[in-house]
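The values are calculated or read from the model by the stated rules, or taken from the named source; none is laboratory data. This structure is a prediction, so every number in the text was calculated from the model and none was measured. Cβ placement follows ideal geometry from the backbone for every residue including glycine, while neighbour counts extend to all protein chains displayed.
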Amino acid sequence: MIAFHEWLQLTDAGLYCAPGDFHIDPSRPVARAVITHGHSDHARPGHGAVLATPETISIMKVRLGEDSADQFQALDYGVALQHGDVTIRLHPAGHILGSAQVELNFRGQRAVISGDYKRSSDPTCKGFELVPCDLFVTEATFGLPVFRHGRDMEEIGRLLDSQRTFPDRAHLVGCYALGKCQRLIALLRQAGYDRPIYLHGALKSMTDLFLALGQNFGELALVSEAGRGLAGEIVLCPPSALKDRWSRRLADPVTAFASGWMRVRGRARQRGVELPLVISDHADWPQLIDTIAETGAEEIWVTHGREDALVYQLTRMGKRARALALLGREDEED
Ligand SMILES: [Zn+2]
Ligand SMILES: [Zn+2]
């Protein structure tokens, strides 16, 4: 039987499927790319042909431009695409809208490249689908035992408690523009919050795309159109805006940040975050371990994140595990 590294190789652009002659989430422009999802460390401009879910293609066109690849080919979840000797299928990864695990079948071997994934429920995307495989290529953003994310709705509850306790202050929540922002809106609505939710202008184009693709977010408004103050209201902004001049227009804001990194007190303090909300779009340590075990894969390759701890743990579990040092994936946004 052919070894995995003979047909799935590491080039300076990243993971490369030799018999299919394509890269997965390449870090620089290549002729053919399969893209797991729209985040900027995975979806980059300048490829010849891009294969991805229809949602990821829409996201890439909004973020990177209509012409960000010469050619886009959409592949729906679960549909088999024969490409030379390789069969390609995409499966929901539960990370953000359109996110996919890439399943590759070659000469009776099945490899699954997870991209980024999580197992917790997310109203804005399809839930993670477990795909049994021989080789599982996993992310490890939160690959240390200290990372346990807890329950999203408890974190949302803490935000709403604070909003009720401090009616004279705006609540400013830092969140990434693609995925986290829309998930926060959906979780707030799930919790019964029915006031308008205010957005920084940088969050508008992605949120509009989610709306166009069928999400229902209730009443949204732009901060720029709402005047100053917004006491008692919830305002979402990109993390970079938490501390800049822009936020001075808000009434004595309570500064919050929704991220898996908020489990680390030092990170919250460093950013001046008063109300850290541990809400993540990545698998935490128990989810990583459980998912890897459930795939049944004997061989595990660990990509960006805390590779060493996870490789060590997997080796103890009797798996063949190795770290893939991919370029350009150092500090994962979440
Ligand atoms: Zn991502
Ligand atoms: Zn990533």
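Among the residues of the stretch 132-149, how many are buried (at least 18 other Cβ atoms within 10 Å of the Cβ) and more than 21 Å from D41 (Cβ to Cβ)?
2
Identify all residues within the stretch 75-104 that are among the aliphatic types (A, V, I, L, M), buried (at least 16 other Cβ atoms within 10 Å of the Cβ) and away from ligand 1 (no atom under 16 Å from the Cβ); write none if there are none. Outline the logic, then answer.
Start the filter on the stretch 75-104 by keeping residues that are among the aliphatic types (A, V, I, L, M), which leaves 75, 79-81, 86, 88, 90, 93, 96-97, 100, 102, 104.
Pick out the ones that are also buried (at least 16 other Cβ atoms within 10 Å of the Cβ) and you get 75, 86, 88, 90, 93, 96-97, 100, 102, 104.
Matches in the stretch 75-104: L75, V86, I88, L104.
Let me spell it out: the conditions are (1) over 22 Å from T138 (Cα atoms); (2) within 16 Å of ligand 1 (Cβ to nearest atom), and E66 meets all of them except one. Which number is the exception?
Among (1) over 22 Å from T138 (Cα atoms); (2) within 16 Å of ligand 1 (Cβ to nearest atom), E66 violates only (2).
Please specify each residue of the stretch 203-245 satisfying the condition of being in a loop (DSSP other than H, G, I, E, B) and surrounded by 13 or more Cβ atoms within 10 Å (Cβ to Cβ). Talk me through it step by step, then tell me what you get.
As a first pass, look at the stretch 203-245 and keep what is in a loop (DSSP other than H, G, I, E, B): 213-219, 226-228, 230-233, 238, 242-244.
Selection gives L213, Q215, F217, G218, A226, L230, A231, G232, E233, P238, L242, K243.
List every residue pair whose Cβ atoms sit under 6 Å apart, with the two residues 6 or more apart in sequence or on different chains, where the first one lies in the stretch 45-68 and is closer than 18 Å to A31 by Cα and the second, anywhere, is hydroxyl-bearing (S, T, Y).
From residues that are closer than 18 Å to A31 by Cα, the pairs are P45/S68; M60/S68.
From the list E219, E154, which one is modelled with pLDDT of 95 or more, under 28 Å from W285 (Cβ atoms) and among the charged types (D, E, K, R)? So that I can check it myself, show each step before the final result.
Values: E219 fails: under 28 Å from W285 (Cβ atoms).
Just one listed residue meets the conditions, E154.
Okay, residues lined up against (1) within 13 Å of ligand 2 (Cβ to nearest atom); (2) buried (at least 21 other Cβ atoms within 10 Å of the Cβ); (3) within 16 Å of A93 (Cα to Cα):
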| position | (1), (2), (3) |
| --- | --- |
| D281 | yes, yes, yes |
| T291 | no, no, yes |
| A297 | no, yes, no |
| W301 | no, yes, no |
| Q313 | no, no, no |
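Within the stretch 297-326, work out how many residues are among the basic types (K, R), without any contact (Cβ under 8 Å) to a residue 40 or more places away in the chain and in a loop (DSSP other than H, G, I, E, B). So that I can check it myself, show each step before the final result.
As a first pass, look at the stretch 297-326 and keep what is among the basic types (K, R): 306, 316, 319-320, 322.
Add one more test, that the residue is without any contact (Cβ under 8 Å) to a residue 40 or more places away in the chain, and what stays is 316, 319-320, 322.
Cutting the leftovers down to in a loop (DSSP other than H, G, I, E, B) gives us 319.
The number of residues fulfilling the criteria is 1.
Which strands (runs of 3 or more DSSP E) sit wholly inside the stretch 7-84 and have at least 2 residues that are polar (S, T, N, Q)? Walk me through it before giving the result.
Working: elements: 8-11, 14-17, 22-24, 32-34, 47-52, 69-74, 81-83.
Because the criterion is at least 2 residues that are polar (S, T, N, Q), the strands (runs of 3 or more DSSP E) in the stretch 7-84 that meet it are 8-11, 69-74.
Would you tally the residues in the stretch 38-61 being away from ligand 1 (no atom under 16 Å from the Cβ) and surrounded by fewer than 20 Cβ atoms within 10 Å (Cβ to Cβ)?
6
If S162 satisfies every condition in (1) away from ligand 2 (no atom under 16 Å from the Cβ); (2) within 17 Å of the chain's Cα centre (by Cα); (3) of a type in the set (S, T, Y) but one, which is the exception?
(2)
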